Each structure stands twice: as C-alpha cells, then as structure tokens.
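I have placed the structure first, in the form of structure tokens, so that the comments after it can refer back to it.
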Amino acid sequence: MNSLEIREKYIKFFESKGHKQIPSAPVVPENDPSVLFNTAGMQPLVPYLMGQPHPYGSRLCDYQKCMRTNDLDEVGDGTHHTFFEMLGNWSLGDYFKKESVTWSFELLTKEFNIPVERLAVTVFKGNDIVPADDETANVWRSLGIPDSRIRYLGEDDNWWPNMELTGPCGPDTEIFYFRSDDEIPQEYDPEDDRWVEIWNNVFMQYNHNEDGTFTELPKKNVDTGMGLERITSVLEGVNDNYKSSIWKDVIEKIEEITNLSYSENEKAMRIIADHIRSAVFISADPSGIKPSNTDQGYILRRLIRRAIRYAKKLNIDIDSNWEEEVALMIINKYKNFYPELEENRKVVLDVLKDEKNKFNRTLEHGLKEFEKITSKIVDGKMDKDNAFRLYDTFGFPIELTVELAKEMNIEVDEKGFEEKFKAHQEISRAGAKEKFKGGLASTGEIETKYHTATHLLNAALKVIVSPDCHQKGSNITAERMRFDFSCDHKLTDEEKQKVEELVNKWIDEGITVTKEEMPKEDAIKSGAECMFIEKYPDIVTVYKIGDVSAELCGGPHVSNTSELSHIKIKKEEACSAGIRRIKAVFVD
Ligand code: SER
C-alpha cells in the first residue's frame, strides 16, 4: 500500500466514522509565537481542545504539515526527518477511549491488514493525577490483544506531551508494530527496538496550568497522531523510510544527478532529500519565511546550507540546477495535497537559488579559513575565537563548524562560542541603541528632518520592496541619512526609483506627524515598527505619520512631512549578509 492509498484510506475511514476533514494548517504557526513550527497535528487545534467550539464539529481528521528541528543534525539515518506529515483524528468532547481504541484497531487490522500478532500497546500506569488506565487496557483486551502485549508505563512514556510543558495534555496509549523478520516474541519489550511506535492516542483531559497545577478541561478530548512516513514504510515492508514510496523517486533523482548509488551514499542522499523537502515546504508556507539569521529563517538557511554541503560531498555541480530538479519533483509530488506548493513554485525556487548563491560565496572562503585553522590544531580542540571568527567573518553557522570539525575528530568550544556570540549581540544592540536613542549625532533642524525621512523610507521599502524589510540601523549627519534594512536582494533601479517617488509623494501630501505614549505591549500589538523590542521601557513613544508609518522611537521629528525636502537615493549597497544600506540626501 503506497502513501497515497494510506492517506486516502485513513481520511475515508474516519469520515465513515462521522469525522470531518479539516485542511492542514500552515507549518509556521499563525497565532503562536512560542514555537517556531507546528510540531504535532494537535497544535493548531489547541483553542478547540481547551473548549472553544470548532466550526467543523466535534469529530475531526486531517493530515498536517509538521516540522521538528531539535534533532536536525541527527537527520541522515533511515528514520529521522525534519518535515513530516501527521495523520490525525480528534474528538472534541465527543467519543472517548472505547471508540478511539476500537477504531484505531479496526483501521490497522482491517483496512491496513496488519496481523494482530504484530501489534503491542502501552497504557498509562497512573500517577498522583490520574489512576492506572485499566479502562483502555480492557478495551485492548476485548479486541484480542493479549496481556503479554499490553504494558503499563509511566509518565515518561505514556503522558503527552510531557509533565513539564503547559497546555492541554493527558495519558496516552501507544501502538507498536513488530518490524522484523525475526520470530515475534510473545512478550512486548519496550527496550527492544524491533517494536516501532506507529500511533499515539492521547486522552486529552487535563490542562497543565502555568502555576504547575493540573485541572480538568471542560471536555474530555481525544488527540491521535500517526506519522505518515513511518506507517508507510511499515506497510510497505521496508526498514529505511527512504526506500518507501514517499522517497524512492526523490532518491532515484539524486542518484541520477550524481551518477552514484544510494546504497553507498545513504547519509548524504537522505540529507539532501529531507532538507530540500523541508525547505520547499517552509518557503511555500503563507508566512513567507526567507533564509535569515533568526528564528524560522535561520532553520531554513541551515537546511539549505546543509543540503548544499552534502551535495558537494557527492560532487554535484553546485552551479547546475540540481536543487531545482529535486524541489520540482517534491512540488509535483505534493501539490494535490498542498496547493500552496504549486502557487508559490517561483518563490520556492528563488529562495533555494538565492541562498545557494550566497552560501557558495561564503563557503569557498570559509572552507579555506577552516582548513587554515584546523591545520594548526594539535590538541583536537578548536577555541571559541576561531569558531566565532568563522561565524562572524565567514558566515559559518556554528552547527556547520561543529559538524565539519567532528569529521576531523576536532572538538569545538561551543559553550565559549555561545558566550562570545551573546556578548557580541549585546554590544551591537547597545551600539545601535546609542545611535537610535538620540537617533542623531546632534539634533539640529536638518538632522531632525532626515530622521523623519528615515521613517518614510522605512515605510516605502515595505510597500515597494517587501513587507519583510525592517530597519537594522541608521546614522544621520547634517549632510545625509544612512539607513540599513533587511532585504534579500540588491534593489533594482526601478525599485529605487519607486521608493524615492513614494517618499516624495508623502512629503508632497503634507502628512501630520503625531506622537503618542503607550504601553510597549499595546504598541507592538498595534503593529508599530521597532528595532529592538527588548531594549525599550514599558511605556514607549510611538511616532505616527498619518496612516503611512508607526514606529517606536525617541524622536525628535518634524510635525508635518511638508517641512521636508524631496529625497534622492545616492547609493544602495550591501551592508552585511541579508542587510542593505541606503544613503540618501535632500535635494531641493
Ligand atoms: N499529539 C500527539 C503526538 O504528537 C498525538 O497526536 O504524538
């Protein structure tokens, strides 16, 4: 049974049990800044698990885009992935343990034809909050799972997500499949990794509150999750996920590009396949994430760069369209399930190509430097200064340095690096703040005007170039303004001209500039632009220029844009990776 049939059977089965299929949420959470990516199918459903009625009703099912990146550097074996799909079904205060377990059993044994002899389950053995889950164990028994294949385990195994995280949670029952040609042992042994977990049914009945207490949720919910990659390889009888129908053609494509065989290059080919797939899904997401040095953008950057490094190991001609070929295959494979892949095809391909070009430039220099540094190492240790230099001057993410060093049995002082990294961030923030606080070297009339003009420039860049353009620094003298901003490309002549025209139009319109004090929280909520949020006091000043711009800022500013002269962009150049610099002057 291939992954397409599995997906379809799964959804049809739960529809036949009264579930409504809901669309996959974006992989970057829409309303949850506490996590970078959706890591489980239930994450977008938290408000409904907490009690809010769901517009589709109380029985839901889906396939959900998920990303887990905490073990990104582990990817390369046959079973770990960064991106994966989770098949899920939910009861929002509707059915509970009996139906959930019975239907899981029915799907696995009747639809997926798994012999009962290959199954084992675990249930919760109880703690201070809830007693042992005999109810679930009894349902399993009634379905024909013998006692020797039912194991009661504690919080570490049968409580989801864990006892530390806050939010909806509860005891679960996990289903295991014996994946081996060996004789199946009578007794289930959690230490025996021939038993692989295929499904997790969580009885989400509690909320773990911020104060550490557990309270009953208004409704007893069920949340189940089954990884599509895992169940596909189980049902197709392969031990290596990359040999399943999900990956086979992608791996064959990489074999074709490299002229090498998978069996001799497993790790590198898996990394290329996995990371390009993840990069495709992240960059096609409606959130519009681009490679950068923070948050999701940094993960995206690491994924693409790691894929490129392994492509180099396989002697792929990096300047060829190899990444495009792999990405297009992935887009075609998934576009019927995730139309955003096709809709954003150009964006995806551009992200990959741009990042490849950027990385290529830094890598050449960085690798030379890396070799120079390591040739001098005699005690198997790279100190923090060299690790930092590779990061700061050559754009090497620390993970890359560590991984390359590991191949040479060199240990990197990662802790020292982190300290240096933090100190460096503080200095550059403080430096920027100094400039920003006064905003100006001196606050003469002309400097004040330039200061207001930077706000207009900041707003115009967002309209003309990209909403992702954010201020990264500014410096003003009586002669000119300098403005640094995040941007992934050199501005075209047309963009420069349009930015200039828009700023000048706003100047002609004579827009009033207002100043308002408000709590920092409210300012951020209102969408006001700010550079370093953590550096601001609780009450901040927001300068607004009509509807055109709102920024947290110390001022001073002119009171109407008509006081400004027209601006002219004199220069637009790279400032550092992902940051551009504009120099502009008043002309008349
Ligand atoms: N939330 C549970 C998991 O991720 C079941 O869906 O395993």
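The values are calculated or read from the model by the stated rules, or taken from the named source; none is laboratory data. Model, not experiment: these values are computed from the prediction. Counting neighbours? That spans all protein chains shown, and the Cβs are built from the backbone with ideal geometry, glycine included.
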(request) Only residues that are within 14 Å of the ligand (Cβ to nearest atom), free of Cβ contacts under 8 Å to residues at least 24 places away in the same chain and in a loop (DSSP other than H, G, I, E, B): list them for the stretch 19-55, please. (result) VAL35
(request) May I ask you to list pairs of residues, at least six apart or on different chains, whose Cβ atoms are under 6 Å apart, with the first in the stretch 266-284 being in contact (Cβ under 8 Å) with a residue 40 or more places away in the chain and within 14 Å of GLU252 (Cα to Cα) and the second being charged (D, E, K, R) and surrounded by fewer than 24 Cβ atoms within 10 Å (Cβ to Cβ)? (result) ALA268/LYS313
(request) Can you work out which of the residues in the stretch 237-249 that are surrounded by fewer than 20 Cβ atoms within 10 Å (Cβ to Cβ) and part of a helix (DSSP H, G or I) is nearest to the ligand (Cβ to nearest atom)? (result) LYS243
(message) Quick check on my filter: what residues within the stretch 70-108 are closer than 30 Å to ALA311 by Cβ, away from the ligand (no atom under 15 Å from the Cβ) and either among the polar types (S, T, N, Q) or in contact with a Cys (Cβ under 7 Å, 6 or more places away or on another chain) (or both)?
(response) THR79, THR82
(request) Select, from GLY212, GLY225, the only residue that is in contact (Cβ under 8 Å) with a residue 60 or more places away in the chain and either buried (at least 17 other Cβ atoms within 10 Å of the Cβ) or away from the ligand (no atom under 16 Å from the Cβ) (or both). (result) GLY225
(request) Mind telling me which of the residues ASP156, ASP181, ASP172 ends up being over 30 Å from TYR48 (Cα atoms), without any contact (Cβ under 8 Å) to a residue 60 or more places away in the chain and not basic (Lys, Arg)? (result) ASP181
(request) Identify, from the list VAL234, VAL202, the residue that is buried (at least 21 other Cβ atoms within 10 Å of the Cβ) and away from the ligand (no atom under 15 Å from the Cβ). (result) VAL234
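Let's see how each residue does on (1) closer than 17 Å to LEU456 by Cα; (2) under 35 Å from the mean Cα position of the chain (by Cα):
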| position | (1), (2) |
| --- | --- |
| GLN471 | yes, yes |
| PHE483 | yes, yes |
| TRP506 | yes, no |
| VAL513 | yes, no |
| PRO519 | no, yes |
| SER562 | yes, no |
(request) Consider only pairs whose beta carbons are under 6 Å apart and that are at least six residues apart or on different chains; among these, list those whose first residue lies in the stretch 191-204 and is more than 9 Å from TYR177 (Cβ to Cβ) and in contact (Cβ under 8 Å) with a residue 60 or more places away in the chain and whose second residue is of a type in the set (Ser, Thr, Tyr) and near the ligand (Cβ under 8 Å from one of its atoms). (result) ASN201/THR224
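So which strands (runs of 3 or more DSSP E) stay within the stretch 540-588 end to end and still have 3 or more residues that are over 13 Å from THR452 (Cα atoms) and at pLDDT below 90? Can you show your working first?
Details: elements: 549-552, 567-576, 579-586.
Strands (runs of 3 or more DSSP E) meeting the threshold: 567-576.
Pick from SER16, SER58: which is away from the ligand (no atom under 14 Å from the Cβ), touching a residue at least 24 places away in the same chain (Cβ under 8 Å) and of a type in the set (Ser, Thr, Tyr)?
Working: SER16 fails: touching a residue at least 24 places away in the same chain (Cβ under 8 Å).
Just one listed residue meets the conditions, SER58.
Yes/no per residue for (1) among the aliphatic types (A, V, I, L, M); (2) over 14 Å from ARG581 (Cβ atoms); (3) crowded, with 17+ Cβ neighbours inside 10 Å:
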position: LEU456; (1), (2), (3): yes, yes, yes
position: ILE476; (1), (2), (3): yes, no, yes
position: ASP484; (1), (2), (3): no, no, yes
position: THR492; (1), (2), (3): no, yes, no
position: ILE507; (1), (2), (3): yes, yes, yes
position: GLU516; (1), (2), (3): no, yes, no
position: GLU529; (1), (2), (3): no, yes, yes
(message) Of everything in the stretch 540-575, what is without any contact (Cβ under 8 Å) to a residue 40 or more places away in the chain, out of contact with any Lys or Arg (no Cβ under 7 Å at 6 or more places or on another chain) and over 11 Å from THR514 (Cβ atoms)? Give them in sequence order.
(response) ASP547, LEU552
(request) Name, by its number, the condition in (1) out of contact with any Gly (no Cβ under 7 Å at 6 or more places or on another chain); (2) assigned to a helix (DSSP H, G or I); (3) surrounded by 15 or more Cβ atoms within 10 Å (Cβ to Cβ) that does not hold for ILE377. (result) (2)
